[in-house]
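Nothing in this text is a laboratory measurement; each read-out follows from the coordinates by a stated rule. Since this is a predicted model, take the numbers as computed values, not measurements. No Cβ is skipped: glycine too gets one built from the backbone with ideal geometry, and neighbour counts run over all protein chains shown.
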Amino acid sequence: MGQEATHAICAGMGGVRTAGDMVLRMQLAKKMKIDEAKAYVASKLGVTVEELCDVVTMSDVRRDMGLGLCHVEPCKEENNGMAAKFRIAEVLDIKINSVERFKERAGLK
Amino acid sequence: MAEEKKYQSRMGDGSLVFMTEDEIRADMREGMADAVKRGKIDPMSEEDFERLYEIITMPGGVVGVEPGKEIVNTNDSGGYKINVKSQMPLPKEMETLIYERCLGCDSVDIGNTDYNYKTAKGVAKRDAGALKQALNVTTMPLLFGGMPDLGFYTQPDGPAGNWATLLPDGKIKEALAAQEEAVEYSIKDICYVADQAYDVGADGMNLDTCGAAGDADFLAALKACEAITSKYPDFPVEIGMAGEFVLGMHGRLKYNGKRLAGLYPHDQVKLAEQAGASIFGLVVNTNCNKSFAWNMARVITFVQACTKVANIPVHADVGMGVCGIPMVEIMPVDVMSRADKALVELGKIDGF
């Protein structure tokens, strides 16, 4: 278990702490290498690449855009999981498989 | 005369070692030369060599990459490192949330605890059910993971002949045929599991530890990847390797005309691209009897050769015993963090 935490601290974007999940989505969906994927996500979120890796900036951006956080105060505005992925798919202009399957099963498409 | 300064480092088995600057540099030269000779690749530049020396001897217990150079990670944990390997009773879907919200991971995979597709097939619908629940509550990408692990298809408990016993008996033709038969079983199983994972909304498939049983094992992964991405163009596949070198257990197998036996990462990645993979998981073996300096210089030489030619993201496999990480269960973060920094800043990798 120490491996994941060490890699995340030493070299990782930190997933939903910043925008690591979204950068990885671009690698998976469009086969983008790391610099291209970061630039793409940064442009879609309206931040610089430096800000994209900054936990303080990205906490605000993610909260304001409803893109999911690693820590949220329980409240009606809390947005994580499937709800956040609906918004991520729209913001990044990609299809997210779980969102598409959810829409099918919920009769939304 | 004052004793020459020694730096604390480790051997490939994780044991502590104290080395002088000359000893570290000599090991680095030797490790790099080994990669150049085996892979028929270029050595590191002198500038990169000096930077790697700095990283290896950098003060501090833990080091990190420069701000802005952070990378992302995928995972081959199967979503059972907490509930099975650490014996903390927790459903898989809850485990994925810990990866996301406590450990800062960019993704995780869910798979069978017996992490191979032959076993996973039998309970694929049930594991897919857990994956579906996890996908409803997590924000980060979740993949389904497992190994082709061709050895599982051999007799006595598998359908194909056992080439590990046929070969020593001199039954060469039978051994080759058994491997070719196992490839077909493996592709079928991987594709069946992929169908279940796709149907519940997985973000991709992780074909992990490919080539573990040799060239036939790697061929099964490439063909399965091709089949999955042909059937589901929006369903990405990650191919992660078992070792730096594809063992020629068969020896004659080819993919798109390229013989698989003997390929190193810079050739492996080109085949992964042709198969339609979105991410290639690179492996360079850790030599337990050599120092971290020897291993890391060798690793970076191989990694640079791979990332220079890759057109898809390359994730360095940084688990136990690969890419400079010592061969121990409980990881020492001093060398682990140095491996991370070197892989990102010098190896130019796209993720872990």
Inset, instruction - Can you pull the one-decimal nm distance between simple spin-label points at A:Lys103 and B:Lys254, each 7 Å off the Cα toward Cβ? - result: 4.4
Legend entry - Net dipole in debye of chain A [+1 Lys, Arg Cβ; -1 Asp, Glu Cβ; about Cα centre; nearest 20]: 600
Inset, instruction - Take every residue in peptide B:68-80, count the Cβ atoms of other chains within 10 Å of its Cβ, and give the average of those counts. - result: 6
Legend entry - CD proxy at 222 nm, helix term only [per DSSP H run n ≥ 4: -39500 (n - 2.57); per residue of chain A; nearest 500]: -19000 deg cm²/dmol
Legend entry - Relative contact order computed over segment B:183-337 (Cα-Cα under 8 Å; 6+ residues apart), in percent: 19
Legend entry - Listed residue (B:Val65, B:Asn112, B:Pro91) projecting farthest to the positive dipole end of chain B, Cβ model: B:Asn112
Legend entry - Hits among lysines - C-alpha to C-alpha of B:Lys173 under 27 Å, sequence gap 8 or more where chains match: B:Lys118, B:Lys188, B:Lys223, B:Lys254, B:Lys258
Legend entry - B:Thr165 paired with B:Lys6, simple spin-label distance in nm, labels 7 Å along Cα-to-beta-carbon: 5.1
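Within a 10 angstrom radius of each residue's Cβ in B:92-104, how many Cβ atoms of other chains show up on average? Whole number is fine.
Values: counts 0, 0, 0, 0, 0, 3, 2, 5, 8, 9, 5, 13, 15.
Taking the mean over all residues of the peptide, I get 5.
How many partner chain Cβ atoms sit within 10 Å of a residue's Cβ in peptide A:73-83, on average, as a whole number? Don't skip to the answer; put the middle values down first.
Working: counts 0, 0, 0, 0, 0, 0, 1, 6, 8, 6, 2.
Counting other chains' Cβ atoms within 10 Å and averaging over A:73-83 gives 2.
Where does segment A:17-71 land on the Kirkwood hydrodynamic radius, alpha-carbon pairs, in angstrom?
Details: mean 1/r = 0.0908 Å⁻¹.
This gives a value of 11.0 Å.
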Inset, instruction - Would you kindly calculate the translational diffusion coefficient of the protein assembly as shown, applying Stokes-Einstein with the Kirkwood radius from alpha carbon pairs, for 20 °C and a viscosity of 1.002 mPa s, and quote it in µm² s⁻¹ without decimals? - result: 95
Inset, instruction - Go ahead and estimate [θ] at 222 nm for chain B from helices alone: -39,500 (n - 2.57) per DSSP H run with n ≥ 4, summed, over the residue count, rounded to 500. - result: -14000 deg cm²/dmol
Inset, instruction - Take each of the peptides B:189-195, B:249-255, average the number of other beta-carbon atoms within 10 Å over its residues, and list them starting from the highest. - result: B:189-195, B:249-255
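Students often check this: by mean Cβ neighbours within 10 Å, which of A:3-10, A:50-57 ranks highest, and how do the rest follow? If you can, show how the numbers build up before the last one.
Values: A:3-10: 21.6, A:50-57: 17.2.
Highest to lowest by the protection proxy: A:3-10, A:50-57.
What percent does the relative contact order of chain B come to when contacts are Cα pairs within less than 8 Å and at least six residues apart? Could you put the intermediate results ahead of the total?
Values: 716 pairs, mean separation 77.2, N = 352.
It rounds to 22 percent for chain B.
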Inset, instruction - Classify segment B:155-210 as rounded, prolate or oblate from the Cα gyration tensor: take a ≥ b ≥ c as the square roots of its eigenvalues, call it rounded if a/c is under 1.5, otherwise prolate when a/b beats b/c and oblate if not. - result: prolate
